[in-house]
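Each reported figure results from applying straightforward, stated rules to the coordinates on display, with no laboratory input. The shown structure was predicted, so the numbers you read here are calculated from the model rather than taken from an experiment. FYI the Cβ positions are ideal-geometry reconstructions off the backbone, even for glycines, and counts take in every protein chain you see.
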């Protein structure tokens with residue numbers, strides 16, 4: 001990954017931040033975005049303190065103009081994009097579908113599905129002449145129903161996988177690979193904080209996993225970095241499960 005240009009959305013915390021650090025450690029030139037300027041600047045400073053290269057650009061993926069500017073600024077800085085990791089997202093609403101407002105549904109779909117569309121649109125424009133790899137974060141909720149009051153999230157993540165497959169077919173002859181990650185629960189800061197508020201919940205979720213454990217970011221990042229390299233040159237349009245077997249049955 002030395003000197004490769006990597007663009008990451010949703011990069012100020014969790015998996016996005018960990019991936020930014022991982023790519024920078026491999027001597028890639030990392031540009032990452034998020035809505036939270038304070039966290040973004042802090043991560044940028046932390047990576048640069050290690051004599052590695054990273055640039056934070058504040059951007060909201062639900063706002064198309066900001067995504068266009070994000071991609072344009074990345075090209076201005078480095079001349080190209082080799083890898084894009086579209087990771088922005090959050091579970092905005094939990095509750096029964098019949099109690100969900102239209103605004104809650106639309107906000108959830110906008111963040112995950114429309115945000116991924118915005119990123120793909122401008123990344124493809126920038127990358128279709130040179131090829132490369134785009135990786136979208138989906139979820140186990142993108143391949144199966146989840147009856148836990150997250151219907152809008154499930155719909156959006158199913159949409160991301162469909163969007164990934166369609167875009168991959170459109171760009172296959174351009175040697176631009178587009179894949180999706182099917183991930184389950186990951187021990188990010190936000191996830192741990194949410195689960196810790198319910199005593200015994202961590203153990204309950206772990207016990208329900210086929211492997212008996214909940215993924216750490218170190219379990220997921222190697223697949224992301226693999227998909228970013230030429231070692232995965234024949235993989236495109238795939239929804240790749242990194243879920244400890246939870247979608248196997």
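If you plug the beta carbon distance of residue 202 and residue 39 into 1/(1 + (r/R0)^6) with R0 = 25 Å, you get a FRET efficiency near 0.55.
Of 112, 158, 118, the sequence from fewest to most neighbouring Cβ atoms within 10 angstrom is 158, 118, 112. Its relative contact order, with pairs defined as Cα atoms under 8 Å and 6+ residues apart, puts the chain at 18 percent.
Kindly state, to the nearest 0.05, the FRET efficiency for residue 76 paired with residue 231, given R0 = 25 Å and r defined as their beta-carbon distance. Once rounded, the FRET efficiency stands at 0.25. Any idea what angle helix 151-171 forms with the longest principal axis of the chain, computed on alpha-carbon atoms, 0 to 90 degrees, nearest 10? Tilt of helix 151-171: around 30 degrees.
Between the beta carbons of residue 130 and residue 64, assuming R0 = 30 Å, the FRET efficiency works out to 0.85 to the nearest 0.05. Each residue, residue 248 and residue 48, gets one label point 7 Å from its Cα in the Cβ direction; the gap between the two is 4.5 nm. Within the listed set 46, 18, 54, the Gaussian network model of the chain (springs between alpha-carbon atoms below 10 Å) gives the highest mean-square fluctuation for 46.
Calculated mean residue ellipticity, 222 nm, the chain: -14000 deg cm²/dmol, from DSSP H runs (n ≥ 4) at -39500 (n - 2.57) each, averaged per residue and rounded to 500. The distance separating the Cα centre of segment 45-104 from that of segment 170-185 comes to 17 Å.
Based on the convex hull around the alpha carbon atoms, segment 1-156 presents an average projected area of 9.3 nm². Relative to the longest principal axis of the Cα atoms of the chain, helix 115-127 runs at roughly 20 degrees.
Between the helical axis of 64-78 and the longest alpha-carbon principal axis of the chain there is an angle of about 40 degrees.
Once you order the gyration tensor axes a ≥ b ≥ c over the Cα atoms, which shape class does segment 104-249 get: rounded for a/c under 1.5, otherwise prolate or oblate by comparing a/b with b/c? Prolate, because a/c is 1.5 or more and a/b exceeds b/c.
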